[in-house]
Amino acid sequence: VGRGTVTDHILALNDINLEVKEGEVLGIIGANGAGKSTLLKILSKVTAPTSGTIKYKGRVSSLLEVGTGFHTELTGRENIYLNGAINGMNKREVMKKLDEIVDFAGVEQFLDTPVKRYSSGMFVRLGFAVAAHLDPDILVVDEVLAVGDASFQKKAIGKMQDVSKAEGRTVLFVSHNMESIKNLCTRSIVLENGKATFDGPTNEAIENYITVGNNKIDKYKGERKWDIDAPNSGYVKYIAIRTKNEKGEIKNVFDVSDDVFLEIDYFVLKTGYQYALFVRVGNKTTESLFLMADEYIYGPWGKQSTKSVGMYRAAFLIPKNLLNPGRTTVTPAIFSPPSISNSQTNLLVEHALSFEIVDELRGLGAKGNYPYDWGHHAVRPFIKCETTFQGNASKKI
């Protein structure tokens with residue numbers, strides 16, 4: 001796919017050779033711009049490759065973005081029948097699936113409402129329900145599921161597991177959520193600059209993706225500044241991101257007993273919009289250890305004051321005795337409420353910066369002065385214990 005020697009263009013995909021077996025669940029991992037969505041669009045025949053061929057056997061059903069395959073003027077019911085017809089099903093076949101689709105999507109109350117009045121979450125729920133229930137031989141799903149709430153994402157993952165395991169169908173799944181990839185996919189590929197740099201067991205693919213990403217951002221040594229290459233949505237752009245110690249010194253190595261101060265500078269380009277900043281913190285085994293957000297979330301969601309044009313600095317404190325030793329990654333994302341699905345104003349930089357946590361055995365952390373391996377755990381909080389003498393052995397307890 002995309003093989004060529006063009007020098008004045010960027011190839012979204014370059015020399016991809018991929019075989020997926022019947023009933024296999026394939027995860028597709030990569031940073032923004034790696035070519036994941038382009039690959040799915042080509043596999044779904046939404047986009048034709050400039051060179052190379054795609055061959056598959058069976059019916060393909062895909063959910064690539066909010067509203068895929070929907071006509072906004074039609075009702076939810078009418079769009080279900082429309083999608084069924086597009087997938088080669090007759091009216092009777094769709095009718096057999098209708099109740100199941102509506103129940104899964106949870107849109108019964110709005111079934112006869114034009115979908116242009118649906119929220120993005122309703123769009124995704126109905127779109128996924130249609131794609132997953134119309135008996136596809138191959139189900140193709142992009143990161144669009146991230147728009148849904150946590151309960152729906154869990155429900156969707158469960159449905160994809162049923163489709164693959166119980167029904168023996170093939171699933172291609174793109175996600176930045178490594179836990180979802182890990183739970184669903186037995187095999188994954190890692191895309192980088194349009195090329196498949198790894199193809200193998202999912203756990204190894206995730207470790208490869210995170211390790212390679214960490215190696216690339218080690219060079220920033222605690223501070224990354226952008227100039228003309230600044231990530232820019234047209235509404236807001238990033239200026240810099242840095243980590244500091246309690247003295248205000250820029251550092252990228254911290255002891256487990258040190259506080260980590262994270263600063264993110266960004267520039268608002270368009271006034272009249274609300275902006276909320278979220279930061280995902282992860283490590284080599286878990287893409288998301290926890291999520292932080294700026295003060296926007298403490299006000300009435302979607303009703304905060306708009307920001308004026310200019311530079312802003314968000315400062316976070318990651319408390320001591322929380323993180324395990326090892327490489328920690330930081331991924332900032334800026335959204336424009338009230339909807340976090342408006343891709344026009346979204347701005348996310350995957351693994352924008354990293355820092356190292358070490359344990360110098362100062363006796364101030366969860367391990368104290370214990371010299372041996374502590375084992376792998378997601379976080380390492382210092383939980384204080386106080387032991388008191390309760391009497392001699394002759395007393396009854």
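Given the choices (i) 76, 53, 33; (ii) 67, 58, 49; (iii) 77, 67, 47, Cα extents along the principal axes in Å derived from the coordinates of this structure is entry (iii). Once you've got the Cα coordinates, tell me which of 36/57; 237/367; 225/303; 36/165 are over 29 Å apart. In this structure, 237/367; 225/303 exceed 29 Å between Cα atoms.
Seen against the Cα atoms of the chain and their longest principal axis, helix 120-133 is set at about 60 degrees. Rounded to the nearest 0.05, the FRET efficiency derived from the C-beta distance between residue 72 and residue 271 at R0 = 22 Å is 0.15. To the nearest ten degrees, helix 150-161 and the longest principal axis of the Cα atoms of the chain are 60 degrees apart. Surface exposure of the chain, expressed per residue as accessible area with a 1.4 Å probe, stands at 53 Å².
Sorting 376, 71 on solvent-accessible area from highest to lowest, probe radius 1.4 Å, gives 376, 71. For the chain, what does the helix formula give at 222 nm: sum of -39500 (n - 2.57) over DSSP H segments with n ≥ 4, over the residue count, nearest 500 deg cm²/dmol? Theoretical 222 nm ellipticity from helices: -6500 deg cm²/dmol. Using the Cα coordinates of segment 159-318, the gyration tensor eigenvalues translate into equivalent-ellipsoid semi-axes of 33, 22, 17 Å, sorted from longest to shortest. Sequence neighbours fewer than 8 away in the same chain don't count; with that in mind, list the aspartates and glutamates whose C-alpha is under 19 Å from residue 244. List returned: 218, 223, 255, 258, 259, 263, 265, 294, 356, 359, 360. Protein heavy-atom surface of the chain, 1.4 angstrom probe: 50% of the accessible area is carbon and sulfur, with nucleic acids and ligands not counted. Check the straight Cα-Cα distances from residue 96 and name the aspartates and glutamates below 17 Å, setting aside those fewer than 8 residues away within the same chain. Within the straight-line cut-off, residue 96 pairs with 78, 108, 135.
Between residue 15 and residue 245, the contour length at 0.36 nm per residue exceeds the alpha carbon distance by 78.3 nm.
Taking every protein chain into account, the 1.4 Å probe leaves residue 113 with about 40 Å² of accessible area, to the nearest ten.
The values are calculated or read from the model by the stated rules, or taken from the named source; none is laboratory data. Being a predicted model, the structure only gives us computed values, none of them experimental. Neighbour counts run over all protein chains shown; Cβ positions are idealised from the backbone, glycine included. Surface areas here come from the heavy atoms of the whole protein model, side chains and all, with no ligands, DNA or RNA. Shrake-Rupley method; radii C 1.70, N 1.55, O 1.52, S 1.80 Å.
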